[in-house]
Amino acid sequence: IELPVDIPLDLNVAPDARVLVATLVVALLTGLAFGLAPAFQGARLDVQSAIRSDSAGAGRRKSRLRNGLIVGQIAVSLLLLSCAGLFVRALGRGRAADPGFKVDGVVTAALDVESAGYSDERARTFFRSLTDRIAALPGVQAVGHARILPLSMSNSGLLINIPGQVPPNGMEGIPVGTNTVDGSFFAALRLPLVRGRPVASTDDERAPRVAVVNETFARTWFPQGDAVGQAFRVDSNLVTIVGIARDAKQNRLDEDPAPFVYLPIAQQWRSRSEILIHSTSSAEAVTMALLREIAALDPTLPAPRVTTLKQATAVVLLPQRVAAAVTGALGAIGLLLAAVGLFGVLSFSTAQRTREIGVRLALGTSRLGIVRMVLGEGIRLVGVGIAVGLVLAVAATRALRPFLFGVDPLDPLTFAAMGSILLVVAVVATLIPARRAATVDPMHSMREE
């Protein structure tokens, strides 16, 4: 997704020679470290002792380190996959969360005419003309303006004083979130007013100061009566409440409702505005029409970045998207390595136990019993790995709570699903050496010994 920020972000993912060299060095060092240990061990081996120790089960006594590595891979894979599963569930809950307004069918663009040399009066005239021209386009339902888009990584606040209320902790005022908007902002977002009226075009710099507050503001500071008609102070200005809007998310989808104030953009003027166009036409058609109207009014203005409100607000889910992708990819790689390692360990163990398997078959053990024996060995390793991974996941996922949108960090469904995936992969990785063990010829294996 594109980030709704003024500073361009360029993520260069082209191959880098330094990264490649560093990766090769790490791979070579890892190969040397894990290759030299068994080489040194083999060089110190006493031949006669080794021959005397060649008995059924000797290979198993030497495989504890290999088994420990497999258990560790499985545990880490379960940890990463569980984190990925939690983030995926959080993404689903975040997409389904109600922000308090509608994002569908809204196109938005940021225009800063002050950087183009506009005076305040010229800027006001430009935005009025642009709004009228856009509103006259087919399919356009409302054209609103705001200083800040909700859920767009931007926020603003101010200190207010309410008669009879003492500011907290010796502050000069009560902190509240704020945005400056025009009268059509609420219609463009389909953000309903529960009482009173929105700000109007007549609420300009010459009119008395007014504001629209949200429901939480009204309940918090005026619990005994109607907040409409009440007043508070911002610096030395008396501001009268003219409307109460429904609570809406401003910074995060999982935030608790907090007092919020909407001030008329004409009374808190800035020559930069976020335009919100609610239209039944396609986003592409609205984008082309908007750029055409801006160029018609002033062809020297640079074309603004136009996007949909849905794309602009999707940035609040960026941490969950990135985390789900990264942990999911690492977990999948770890799962693949664990499966390959489990296959290799069991294949090697089965090869070492050829004589034992031949004896078992000669004594009457069925081939299905041999398959069960090898499968059981693999599943025991996986079981230990899953148990260790669950302990790690329980300890680690608690730190993810702020990013999970109410999903329980110890969600049993996620852990059960990831554990089941690991178990299925382990069974598949174990079946090949198990089936190979069941095909051993008892007479041939004992003659070779």
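Here are some notes:
- Scan the stretch 288-315 for residues that are open to solvent by less than 30 Å² (accessible area, probe 1.4 Å) and either in contact with a His (Cβ under 8 Å, 6 or more places away or on another chain) or part of a helix (DSSP H, G or I) (or both) and the total you get is 9.
- Within the set GLU274, GLU255, the sole residue that is touching a Ser or Thr at 6+ places or on another chain (Cβ under 7 Å) and either open to solvent by 10 Å² or more (accessible area, probe 1.4 Å) or touching a residue at least 12 places away in the same chain (Cβ under 8 Å) (or both) turns out to be GLU274.
- Here ALA97, ALA75 are screened, and the one residue that is open to solvent by less than 20 Å² (accessible area, probe 1.4 Å), of a type in the set (Gly, Ala, Ser) and either at pLDDT below 90 or farther than 30 Å from SER236 by Cα (or both) is ALA75.
- Looking at the stretch 140-246, the strands (runs of 3 or more DSSP E) lying wholly inside it that each contain 1 or more residues that are touching a residue at least 60 places away in the same chain (Cβ under 8 Å), surrounded by 15 or more Cβ atoms within 10 Å (Cβ to Cβ) and of a type outside the set (D, E, K, R) sit at 140-146, 157-160, 174-181, 231-234, 237-245.
- Each residue in the stretch 316-346 was checked for being surrounded by fewer than 16 Cβ atoms within 10 Å (Cβ to Cβ) and either farther than 26 Å from VAL286 by Cβ or in contact with a helix residue (DSSP H, G or I) (Cβ under 7 Å, 6 or more places away or on another chain) (or both), and 10 pass.
- Any hit, the stretch 85-92, residues being closer than 30 Å to LEU336 by Cα and of a type in the set (Phe, Trp, Tyr): yes
- Within the stretch 5-21, restricting attention to residues that are open to solvent by less than 100 Å² (accessible area, probe 1.4 Å) and over 29 Å from the mean Cα position of the chain (by Cα), the residue that is modelled with the highest pLDDT is VAL21.
- Scan the stretch 271-280 for residues that are in contact with a helix residue (DSSP H, G or I) (Cβ under 8 Å, 6 or more places away or on another chain) and under 11 Å from HIS145 (Cα atoms) and the total you get is 5.
- For the stretch 100-123, the set of residues classified as surrounded by 18 or more Cβ atoms within 10 Å (Cβ to Cβ) and over 22 Å from SER281 (Cα atoms) consists of GLY100, VAL113, TYR118, ALA123, listed by residue number.
The rows are residues; the columns are (1) hydrophobic (A, V, I, L, M, F, W, C); (2) farther than 25 Å from ASN214 by Cα.
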position: ARG93; (1), (2): no, no
position: ALA97; (1), (2): yes, no
position: VAL113; (1), (2): yes, yes
position: SER119; (1), (2): no, yes
position: SER129; (1), (2): no, yes
position: ALA135; (1), (2): yes, yes
position: PRO138; (1), (2): no, yes
position: LEU158; (1), (2): yes, no
position: GLY164; (1), (2): no, no
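- Criterion violated by ASP203 - all others in (1) within 29 Å of PRO167 (Cβ to Cβ); (2) in contact with a Ser or Thr (Cβ under 9 Å, 6 or more places away or on another chain); (3) not hydroxyl-bearing (Ser, Thr, Tyr) satisfied: (2)
- Of all the criteria given as (1) more than 30 Å from THR430 (Cβ to Cβ); (2) among the aliphatic types (A, V, I, L, M); (3) open to solvent by less than 20 Å² (accessible area, probe 1.4 Å), the one not satisfied by ALA285 is (3).
- Test for THR108: is it outside any strand (DSSP E or B), of a type in the set (S, T, N, Q) and farther than 20 Å from THR216 by Cα: no
- Flag for ARG321 being part of a helix (DSSP H, G or I), at pLDDT below 90, among the basic types (Lys, Arg) and over 30 Å from LEU191 (Cα atoms): no
- Conditions (1) out of contact with any Cys (no Cβ under 6 Å at 6 or more places or on another chain); (2) in a helix (DSSP H, G or I); number of the one not met by THR327: (1)
The values are calculated or read from the model by the stated rules, or taken from the named source; none is laboratory data. Keep in mind it's a predicted model, so treat the numbers as computed, not measured. Glycine gets a Cβ as well: all are built from the backbone with ideal geometry, and neighbour counts include every protein chain shown. These accessible areas exclude ligands, DNA and RNA; they are computed on the full protein's heavy atoms, side chains included. Shrake-Rupley method; radii C 1.70, N 1.55, O 1.52, S 1.80 Å.
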